Amino acid sequence: MTYRLEMNDMTKKYGDFLANDGVSIKLKKGEVLAIVGENGAGKTTLMRMLYGLEQPTSGEIFLNGKSVHFTGPEDGIEHGIGMVHQHFMLFPDFTVAENIVIGREPKSYGFFNRKAASEAVQKLVEQYRISVNPARKAGDCSVGEQQRIEILKVLYQGADIIILDEPTAVLTPAEVDELLNTVRFLASQGKSIILITHKLREVMKVADQITVLRNGRVTGQVKKAETTADELAQLMVGRELQELSERDQLEGAPLLEVKEITIGINSSKPVLDNVSLMVNRGEILGIAGVSGNGQSELIQAISGLKKVDAGSILLDSKDVTGTTVAFRRNAGISHIPEDRYLWGAAKEGSIVDNGLMGYYKQKKFNRNSVLLKNAFRSKVSGWISRFEIKAASMDDQAGNLSGGNLQKLIVARELGFETDFLIAAEPTRGVDIGAMEYIHEALLAKRNNGDGILLVSSELSEIMALSDRIAVMYEGKIAGLLDRKDATEEKLSVLMAGGKENEASKNTAAIV
């Protein structure tokens, strides 16, 4: 049999670090191959070699039985390979349509035809039900919308082999199901799909074949029909996963109070519209919703990154509405940001310097304005060990870490402040199952310690597993508030799609 794609004995070294060690995969026409594994397991490196972004140390790539060598991604595209990257590669000042068609722009009389580009993108939007505005600037789009732009870009290119690197990280369950149905439809039309994901539910729904990587090596290659999600998880982490710890029954006093805040008061549609909520001590309040419905602005308003036009924000009964980010952090707010690169890290800085952010004024790390880096290196070393952050050296640039490993560093740093209140925005985005388990346990431990947590996540399973109460945001408003015992995926999905509270609670417990 001639396979559409064969990667044989692929090895990639970075100095002494072995990212891929003799990895082989095969992909047929019309097949969906899922590649799963922990962060740093080598999944993205393998795909970057296929796409032409990295050169293998050794190994061979065959397309339709013919050996190929790519010197850059343009070679991959030319050979019918498209890749949706985990980290967005968009031009923020270009429109959505311009980003999607770039490189294959429709032209009229030798000039770029913006109308034709917009119409082509609108057809894709309608065909694949991936909602974006073709005329909007990419830089003004939310994280979720930017992910959708990347997906539409590859669909526009019409590649025969489509690599999807964590494509559903910010989609609702309904949108994920629609995308997975699209993947199956593309496969039925002869397209070959490679899906890189941490979400085993997606793997079990859409994949034909599954390859599991751990520490750069293949630990399993199985057919979907012959395995289970539990077996895959064990192949990924090398052990059985544990159940979440029990949550203590706490009735703490109010810690964070958001009172009728509005942003964009003079616009026809405020991004935050009279939002009120409360987080108590010893409580995790989850915020669910489709990305782009005000969650980002809510986080920025509470943390001090964005000013509010009306309303107030109280922390431990003290008004912090007009204060700076630094004041609020000193008052007891720590923050795991939703975008680790934009808000959470300096990619050019070292790992240890990124860990030092926010600690440099503490007396145990600062003596007469001189940083005591040896003391801090010991602290960062502890985080690296505890969170299993894969790094060759603490002095390496943070940008050299995989996305998931950088996320683990940021989570460790923010939990290390031991504040009374934590904003946890997409805390497990892009991390592996084992790290997710550890982060969830750490958040529960903080909650059981009597601290308050505002959890914002696009993962309903995460929201439902950790939250004591769940608020749903839709078009800048709180669409509903449910207690943990009353929340179901169906109820939350109705509210996230703009449904009414009585629709979500029909024949079930009432929303409180």
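Rule-based calculations on the coordinates, nothing more; no lab input. Since this is a predicted model, take the numbers as computed values, not measurements. Here the Cβ positions follow ideal geometry from the backbone for every residue, glycine too, while neighbour counts run over all protein chains shown.
Distance from the Cα centre of the range 315-381 to that of the range 179-224, in angstrom? The distance from the Cα centre of the range 315-381 to that of the range 179-224 comes to 39 Å. The separation of the range 81-135 from the range 453-490, counted between C-alpha centres, amounts to 33 Å. When peptides 158-164, 262-268 are sorted by average Cβ neighbour count within 10 Å, with the highest value leading, the order is 158-164, 262-268. For the range 1-126, the equivalent ellipsoid built from the Cα gyration tensor has semi-axes of 32, 17, 14 Å, listed from largest to smallest. When DSSP beta bridges are restricted to pairs lying wholly in the range 5-237, around 55% turn out antiparallel. Measuring r between the beta carbons of E60 and L342 and using R0 = 45 Å, the FRET efficiency lands at 0.75.
Taking the average, over residues, of other Cβ atoms within 10 Å as the packing measure, peptides 106-118, 181-193 rank 181-193, 106-118 from highest down.
Counting neighbouring Cβ atoms within 10 Å and putting the fewest first, the residues M236, M357 line up as M357, M236.
Of the residues K205, K123, the one with the fewest other Cβ atoms within 10 Å heads the list, and the complete ranking is K123, K205.
Mean residue ellipticity at 222 nm, helices only, the chain: -9500 deg cm²/dmol; runs of at least 4 DSSP H residues each add -39,500 (n - 2.57), and the sum is divided by the number of residues.
Among L272, L155, the ranking by other beta carbons within 10 Å of each residue's beta carbon, starting with the fewest, stands as L155, L272. Overall dimensions of the range 5-237, expressed as equivalent-ellipsoid semi-axes from the Cα gyration tensor (√(5λ), whole Å, largest first), are 30, 21, 16.
FRET efficiency for the E126 to D483 pair, using the beta carbon distance and R₀ = 35 Å, is estimated at 0.35. Of the peptides 359-365, 338-344, the ranking by mean beta-carbon count within 10 Å, highest at the top, reads 338-344, 359-365. Using the Cβ of S334 as centre and a radius below 11 Å, the other residues enclosed give a net charge of 0, where K and R count +1 and D and E count -1. Taking 0.36 nm per residue of separation and subtracting the current Cα-Cα distance, fully stretching the chain between A225 and A135 would add 28.1 nm. Starting from the Cα gyration tensor of the range 335-453, take the square roots of the eigenvalues, sort them a ≥ b ≥ c, and report rounded, prolate or oblate (rounded when a/c is under 1.5, otherwise prolate if a/b is larger than b/c, else oblate). The shape class here is oblate. Once the Cα atoms are used to define both axes, helix 403-416 deviates from the longest principal axis of the chain by about 10 degrees.
Once Rg and Dmax of the Cα atoms in Å is calculated for the structure shown, the corresponding label among [x] 23.4, 71; [y] 26.3, 95; [z] 24.0, 107 turns out to be [x].
Beta-bridge orientation, the chain: approximately 55 percent antiparallel, per DSSP, counting only bridges with both partners inside.
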